[in-house]
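**Q** Let me give you the structure first, and then I'll get to my questions.
Computed from the coordinates by the stated procedures, all read-outs in this text should not be read as laboratory data. Everything numeric here is computed off the predicted structure, so don't read it as measured data. When we count neighbours, we look across all protein chains shown, and the Cβ atoms used for this are built from the backbone with ideal geometry, even at glycine.
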């Protein structure tokens, strides 16, 4: 899968004729109705696409050397391995560098914003599978879980600078993805299975 990244896929100083052509192509290539048949294996494994995208995000949150326009994230995997339930050999590559320009010490917010959206989109396949055509590949219903940002007593002005301190703390996302992809490494994995095991896990934790 080859996905163009960024709200703007045309480089700065593009001609007035070039921009409408880019917009038309972007709408044509819009990703929709994804097949999540191999989602857990391809996207969710410890070396899967989601983990690699998070690593790419970390790099883009710091690098200010280049700005990438009309650049793509290429995501590949071995379907036969995925069918067998083995490691899919998923690989994420950055491709199409025809419109890379100097960053001049500024973070590439255009590309980074698009990357955030892609990661969020993939996470939604895991968390709200009922909204996708291949929902049968992932059992269970939405738990009604919500995420809220709270405790604003020590919020200060950003002064035009990205909050890298808070962003770094969002490594929580990677931690949660690891629980989904490598449950054997977490002692309380049985608690996720059913109500009876939830009770047993709670009792064991109290005894400890």
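**Q** Provide 148, 21 in ascending order of the number of other Cβ atoms located within 10 Å of each residue's Cβ, fewest first. Could you put the intermediate results ahead of the total?
**A** Working: 148 4, 21 12.
The order, fewest Cβ neighbours first, is 148, 21.
**Q** Could you tell me the calculated FRET efficiency between residue 47 and residue 100, based on Cβ-Cβ distance and R0 = 25 angstrom, to the nearest 0.05?
**A** 0.40
**Q** Using the beta-carbon distance between residue 16 and residue 84 and R0 = 41 Å, what value does 1/(1 + (r/R0)^6) give for FRET efficiency, to the nearest 0.05?
**A** Working: r = 52 Å, r/R0 = 1.26.
The formula returns an efficiency of 0.20 here.
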